[in-house]
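This report concerns only the one structure given below.
The values are calculated or read from the model by the stated rules, or taken from the named source; none is laboratory data. This structure is a prediction, so every number in the text was calculated from the model and none was measured. Virtual Cβ from ideal backbone geometry, glycine too; neighbours counted across all protein chains shown.
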Amino acid sequence: AQSVAQPEDQVNVAEGNPLTVKCTYSVSGNPYLFWYVQYPNRGLQFLLKYITGDNLVKGSYGFEAEFNKSQTSFHLKKPSALVSDSALYFCAVRDGSNYQLIWGAGTKLIIKP
Amino acid sequence: KAGVTQTPRYLIKTRGQQVTLSCSPISGHRSVSWYQQTPGQGLQFLFEYFSETQRNKGNFPGRFSGRQFSNSRSEMNVSTLELGDSALYLCASSQGTGQLSDTQYFGPGTRLTVL
């Protein structure tokens, strides 16, 4: 069965430091991976997705994600964190057999000035 | 293009009542999915509509229902409200081609409070 894990409920980073939000997945076929961000009292905003090709995917707001097939991971990264990056981040996956997105539990990212 | 819109943004109801939420997808998008978001359960999939037909359904009781109109606008209905139905209800639209790379775009949500 498909599954997604976001192992950290919360990540704390100082402003200006690099940030990583972790995501691991389990699928039976080729994974299609997505990252979304949710600001307070807002809907989810699409950041980026991996379909195939380059393992490093660039997305909105300076975010990027690294796909690692051997480790079944798709970690979200940013070289220099901003206070405005503080939000809830969700990872989601589809595999080749099911159109439905499977969602991680979310990681709260807190950037401290 | 205008984004996904949801109305109303906030609702307060009492137990036993029913409620209807509305979602207008991005122009040209034919698929609409509904999610329930709560602090304890995270994002839970309710159902997906494509071309006025329910294409997928999550594991929710029959009190939760939906429909889609010919212009792709969608409504969801919750009957006999329970306290546990208090949540943020999110609508997402996508082209709905069935491609696994299809991206969902979310509306701002409707915050439902059941008293």
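Tell me, please, whether a residue that is aliphatic (A, V, I, L, M), closer than 23 Å to B:Y105 by Cα, modelled with pLDDT under 95 and assigned to a loop (DSSP other than H, G, I, E, B) can be found in the range A:49-61. Let's see the steps before the verdict.
Step one: of the range A:49-61, the residues aliphatic (A, V, I, L, M) are A:51, A:56-57.
The next check asks that each one be closer than 23 Å to B:Y105 by Cα; those that pass are A:51, A:56-57.
In the following step, the residues that additionally are modelled with pLDDT under 95 were identified as A:51.
Still in the list and also assigned to a loop (DSSP other than H, G, I, E, B): A:51.
For the range A:49-61, residues aliphatic (A, V, I, L, M), closer than 23 Å to B:Y105 by Cα, modelled with pLDDT under 95 and assigned to a loop (DSSP other than H, G, I, E, B): present.
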Against the condition under 22 Å from A:C91 (Cβ atoms) and either away from every other protein chain (no Cβ under 13 Å) or surrounded by 16 or more Cβ atoms within 10 Å (Cβ to Cβ) (or both), how does B:C23 come out, does it pass?
no
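Would you confirm whether any residue within the range A:66-79 is touching a strand residue (DSSP E or B) at 6+ places or on another chain (Cβ under 8 Å), closer than 23 Å to B:G107 by Cβ and in a strand (DSSP E or B)? Before you say what the answer is, go through the steps one by one.
Restricting attention to the range A:66-79, the residues satisfying the condition of being touching a strand residue (DSSP E or B) at 6+ places or on another chain (Cβ under 8 Å) are A:66-68, A:71-78.
Of the ones still in play, those that are also closer than 23 Å to B:G107 by Cβ are A:76.
From what is left, the residues that are in a strand (DSSP E or B) are A:76.
For the range A:66-79, residues touching a strand residue (DSSP E or B) at 6+ places or on another chain (Cβ under 8 Å), closer than 23 Å to B:G107 by Cβ and in a strand (DSSP E or B): present.
Check the range B:66-76 and report whether any residue there is within 18 Å of A:I102 (Cβ to Cβ) and assigned to a strand (DSSP E or B).
Residues of the range B:66-76 that are within 18 Å of A:I102 (Cβ to Cβ), as a first pass: none.
No: the range B:66-76 contains no residue that is within 18 Å of A:I102 (Cβ to Cβ) and assigned to a strand (DSSP E or B).
Given the options B:F69, B:F64, name the one that is aromatic (F, W, Y), more than 26 Å from A:A105 (Cα to Cα) and away from every other protein chain (no Cβ under 11 Å).
Values: B:F64 fails: more than 26 Å from A:A105 (Cα to Cα).
Every option except B:F69 fails the conditions.
Within the range A:29-40, is even one residue surrounded by 16 or more Cβ atoms within 10 Å (Cβ to Cβ), among the β-branched types (V, I, T) and either modelled with pLDDT under 95 or over 25 Å from B:G109 (Cα atoms) (or both)? So that I can check it myself, show each step before the final result.
Initial filter on the range A:29-40 (surrounded by 16 or more Cβ atoms within 10 Å (Cβ to Cβ)): A:31-38.
Now restrict to residues that are among the β-branched types (V, I, T): A:37.
Cutting the leftovers down to either modelled with pLDDT under 95 or over 25 Å from B:G109 (Cα atoms) (or both) gives us none.
Looking for residues that are surrounded by 16 or more Cβ atoms within 10 Å (Cβ to Cβ), among the β-branched types (V, I, T) and either modelled with pLDDT under 95 or over 25 Å from B:G109 (Cα atoms) (or both), one finds none in the range A:29-40, hence no.
For A:K69, indicate whether it is without any contact (Cβ under 8 Å) to a residue 24 or more places away in the chain and surrounded by fewer than 19 Cβ atoms within 10 Å (Cβ to Cβ). Let's see the steps before the verdict.
Working: without any contact (Cβ under 8 Å) to a residue 24 or more places away in the chain: yes; surrounded by fewer than 19 Cβ atoms within 10 Å (Cβ to Cβ): yes.
Yes, satisfied.
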